[in-house]
Amino acid sequence: MSAQPGPSSLKQVPLHALHVSRGGKMVPFAGYEMPVQYAAGVLKEHLHTRTSAGLFDVSHMGQIMLRPKSGRVEDAAAALERLVPQDILGIVPGRQRYALFTNEDGGILDDLMVANFGDALFLVVNAACKDADEAHLRAHLSATCEIVPLTDRALIALQGPKAVAVLEKLDPTISAMRFMDSGPRTLLGIPCFVSRSGYTGEDGFEISVPAADAERLVTTLLADPAVLPIGLGARDSLRLEAGLCLYGHDIDTTTTPIEGALEWAIQKARRKGGAREGGFPGADTILRQLAEGAPRRRVGLKAEGRAPVREDAPLFADASSTNRLGRVTSGGFGPSVNGPVAMGYVPTPLASAGTALVTELRGSRLPMQVVKLPFVAPTYQR
């Protein structure tokens, strides 16, 4: 593992001063100084998000506008389809879709969100990948699109069952939005981009806001008694319980979408026999695996006892085996499940729920079982 950058080289998000003033414990993450938790602690922050509303700062992520030079958003969508196995032309204005940048081997360069704003596509990409993603877009799409990184905007997420009640105080039409609706909205007179989405498994919203106005909006939201600030620690435990991948851990350039159990994200139009079959990097591998299966699969894992099993823990067929079958890619304690939860990769024949496995924890063998994902059922408003 490479060393984390020193404090002097870390970037700060627009809300940095607010996090510090609210008692956020700041840590290095993806080149930024970010709050891992606040005074309430990870456990309470996690459970509060599941029962009320949690506010997350995700301004370290990349926001990119893809503007078609022709003026036709369909041209930007068709161009982006050369880089992802998703049906981008099928995203109607006001909607967004989960997508994957793939490489020539079928591996995943990044996962991202793509929204159709009617005249342009709005992309949200991962913090650690955003410079490479921008370069990737420029290398392949510059002839047809303007690639505009929105470096002057913050990004926040309001998640949990009370999120809609909180946000509709600022815009009464918010409650009419459905899961994956996305587009421009005005909050407190501030021009924002709002999507009904998030990465916790809960109903909620992601809000792109001009950096200069971010503190005013966030301070207003935090004044609501239903809302607590939530750090990266609880964000990780929430997404893990929801069975959602963390790029660089559960998926990366060595995993295909099929291995990552993300085939649901590849629409019919891009599959074999579809209207626009293939045409994206790694299509031969990905379409073959769609038809025939992949050699390994991402699965949910539960260990016996209370001790969490962490990333990189090995997986074996039984207590006496020395043949490492796979590994844990994300693991921790699930506060909502009240027990350890994990995800990892196993050979496809062992990927069925109920399959018994063994891991190693502090030098001892510990029984594990493959379980169906997610650990906590999502509450998206479809």
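Quick notes
- Taking a straight Cα-Cα cut-off under 17 Å and skipping sequence neighbours fewer than 8 places away in the same chain, the aspartates and glutamates within cross-link reach of residue 169 are 203, 206, 224.
- Whole-Å distance, taken between Cα centres, linking segment 332-382 and segment 27-77: 25 Å
- Here the chain is assigned +1 on the Cβ of each Lys and Arg and -1 on the Cβ of each Asp and Glu. Its dipole about the Cα centre then comes out at about 660 debye.
- Cα-based reach from residue 302 at 20 Å (exclusive), listing aspartates and glutamates while leaving out same-chain residues under 8 positions away: 236, 241, 250, 259, 311, 312, 318, 360
- A 1.4 Å probe run over the chain, with the rest of the protein chains in place, finds 42 Å² accessible per residue.
- Using a cutoff of 8 angstrom between alpha carbon atoms and counting only pairs six or more residues apart, the relative contact order for the chain works out to 17 percent.
- In order along segment 359-376, the Karplus-derived 3J(HN,Hα) couplings, from 6.51 cos²θ - 1.76 cosθ + 1.60 at θ = phi - 60°, round to 10, 10, 9, 6, x, 10, 7, 10, x, 10, 9, 6, 10, 6, 8, x, 6, 10 Hz, and Gly and Pro are given as x.
- Loop trypsin sites (Lys or Arg not before Pro), segment 161-195 (other Cβ atoms within 10 Å of the site Cβ: 15 or fewer; DSSP): 169, 178
- Spatially proximal aspartates and glutamates relative to residue 25 (Cα-Cα < 13 Å; intrachain offsets below 8 disregarded): 33
- The chain: calculated mean residue ellipticity at 222 nm from DSSP helix runs of at least 4, using -39500 (n - 2.57): -5500 deg cm²/dmol
- Span from the segment 84-160 Cα centroid across to the segment 170-195 one, whole angstrom: 20 Å
- Taking the 1.4 Å solvent-accessible surface of segment 240-292 as the whole, the part contributed by carbon and sulfur is 50%.
The values are calculated or read from the model by the stated rules, or taken from the named source; none is laboratory data. Small disclaimer: the values here were computed from a predicted structure and weren't measured. Virtual Cβ from ideal backbone geometry, glycine too; neighbours counted across all protein chains shown. Heads up: the accessible areas ignore ligands, DNA and RNA and are worked out on the full protein's heavy atoms, side chains in. Shrake-Rupley method; radii C 1.70, N 1.55, O 1.52, S 1.80 Å.
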